[in-house]
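Please read the structure below before turning to the comments.
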Amino acid sequence: MVRPDNRPIGVFDSGLGGLTAVREILTLLPGEDIVYLGDTGRVPYGTRSTETIVKYTEQAFAFLVSQNVKRIIVACGTVSAVALGRAKLPPVPVTGVVDVAAEAAAAKTQNGRIGVLGTPATIASGAYERRIAALLPSAETVSVACPLFVPLVEAGRFSRGDKVVELVAAEYLEPLQKAGVDTVILGCTHYPLLSDVIGALMGGGVTLVNPGAEAVQHVAREQAREGAADRAAGSVKYFVTDSIEGFSSSAARFLQRPVDGSVAKIEIERG
Ligand code: DGL
C-alpha cells in the first residue's frame, strides 16, 4: 500500500499564467493542497536573460520548499526551458513542462512535423528541439517565438473573432502551416487560452499539446506510485510578489473559474 502524502504540491510560474496548470490539478487531483507562487512583481520572464531567470527560479524553489511542498510543478514554459538544466534543484521532485510536452508531441505526431510556440527566451533556448530530437530523431521541429501573445492574453484578447489576436496568430502560425505540422506545442502558460484561435487557424487535423495539462497528468501517475493526498478536497494558497489588488479577476481568467483560496503578497528576493 502506498502511504498517503498530504503535503501540498507547489506550483511555480513567473506570473498568473501558471494557473492554467492549477486548473488541471483541481480537475485531475482534487484532493491535493496546492501552494502556488506567481512572481507577479517580476513578470515577464520570457524576455529576460538566462542568468536572471536562473536566479529567480532558485529563489522561488527556496520559498516553495519553506512551504513544505512534496513536489514542484514548474508551470512556466520559460523557466522549464531556460533554467531547469541550470538552477540548483530543491530536495523534492521537480516536473517541468518541456520534457512532458515534448514526449506527448513525439507520441502524437503522425507525420513527424511538430510546431513549437513559446516566449522569445523559450525558443532561443532550443530546449524543445533538443528534447524532441532525442525522442524522435526523424522529427522536423518548427519553432516560433510569439512575444505578442502574452500581453494580448493579459489584456483579455484571446477569443475567436478578436481581429487583433487573429491577425497576430495568423502571422506566427504561417511557418507552421507552411511546414505542414500536425502537432503544435502551446509552449507558454498563456497559450492554452488561445487554443480556439490557434486551433481554428491550424485546422481540425492538427493536435494541440497543452504542456501544463501534460505535467499534471505526469504528476498524477507519479503520485499513484509515491503517495497522493487522501482527503476529498484540497485547498489552495496563492502567493504573489506584487500587490494582491486585482488578483481575483486576473486569476479567474486563467483558472476559468472563480478563485477559491487565500492570497498573500511575499518577498522572495535574496540577493
Ligand atoms: N509564464 C511564462 C511562460 O510560460 C509567460 C510569461 C512570461 O514571459 O513570464 O513562458
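Nothing in this text is a laboratory measurement; each read-out follows from the coordinates by a stated rule. Source: prediction; values computed, not measured. Because the Cβ atoms are built from the backbone with ideal geometry, glycine has one as well, and the counts that use them run over all protein chains shown.
When the chain is fully extended, how far beyond the present Cα-Cα distance does V65 get from S248, taking 0.36 nm per residue of separation? Please report the intermediate quantities before stating the final value.
Values: separation 183, 0.36 × 183 = 65.88 nm, distance 2.50 nm.
Roughly 63.4 nm would be gained on extension.
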### Straight-distance crosslink candidates among aspartates and glutamates, where the alpha carbon sits under 14 Å from K88 and sequence neighbours closer than 8 are dropped
E51, E58
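Can you show me the helix-derived [θ] at 222 nm for the chain, built from DSSP H runs with n ≥ 4 at -39,500 (n - 2.57) apiece and divided by the number of residues, rounded to the nearest 500.
-13000 deg cm²/dmol
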### Message
Highest mean first, how do 133-144, 91-102, 59-70 rank when packing is the count of other Cβ atoms within 10 Å averaged over residues?
### Response
91-102, 59-70, 133-144
#### Entry: Cα shape, the range 147-206, gyration tensor, a/c 1.5 rule
prolate
### Task
Kindly identify the range 133-265 as rounded, prolate or oblate by the Cα gyration tensor criterion: order the square roots of the eigenvalues as a ≥ b ≥ c, call it rounded if a/c is under 1.5, otherwise compare a/b with b/c, prolate if a/b is larger, else oblate.
oblate
### Message
Compute the helix-to-body angle for 163-179: its Cα long axis versus the longest principal axis of the chain, expressed 0 to 90° and rounded to tens.
### Response
70
## Note on the structure
The summed charge of the A102 Cβ neighbourhood (under 12 Å; Lys/Arg +1, Asp/Glu -1) stands at -1
### Query
In debye to the nearest 20, how big a dipole does the chain give about its Cα centre with +1 on each Lys and Arg Cβ and -1 on each Asp and Glu Cβ?
300
### Task
Provide the packing ranking of 255-267, 110-122, i.e. peptides ordered by the mean count of other C-beta atoms within 10 Å per residue, highest first.
110-122, 255-267
### Query
For the range 171-218, what does the alpha-carbon gyration tensor say about shape, rounded, prolate or oblate, given a ≥ b ≥ c as the root eigenvalues, a/c under 1.5 as rounded, and a/b over b/c as prolate?
prolate
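Quick check: net charge around P137, other residues with Cβ under 15 Å of its Cβ, Lys/Arg +1 and Asp/Glu -1? Please list the in-between numbers first.
Numbers: positive: R113, R130, R131; negative: E103, E129, E140.
Around P137, the charge tally is 0.
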### Query
When Lys and Arg each count +1 and Asp and Glu each count -1, what net charge do the other residues less than 14 Å away from R257, Cβ to Cβ, add up to?
0
### Message
As I understand it, the dipole of the chain uses +1 on the Cβ of Lys and Arg and -1 on the Cβ of Asp and Glu, about the Cα centre. Which of T50, L208, S195 lies farthest toward its positive end?
### Response
T50
### Query
If packing is taken as the mean number of other Cβ atoms within 10 Å per residue, what is the order of 4-10, 125-131, 174-180, highest first?
125-131, 4-10, 174-180
#### Entry: Rough spin-label spacing in nm, given labels placed 7 Å along Cα→Cβ, for A124 and E166
3.3
### Query
Sorted from largest down, what three extents in whole angstroms do the Cα atoms of the chain have along their principal axes?
48, 43, 38
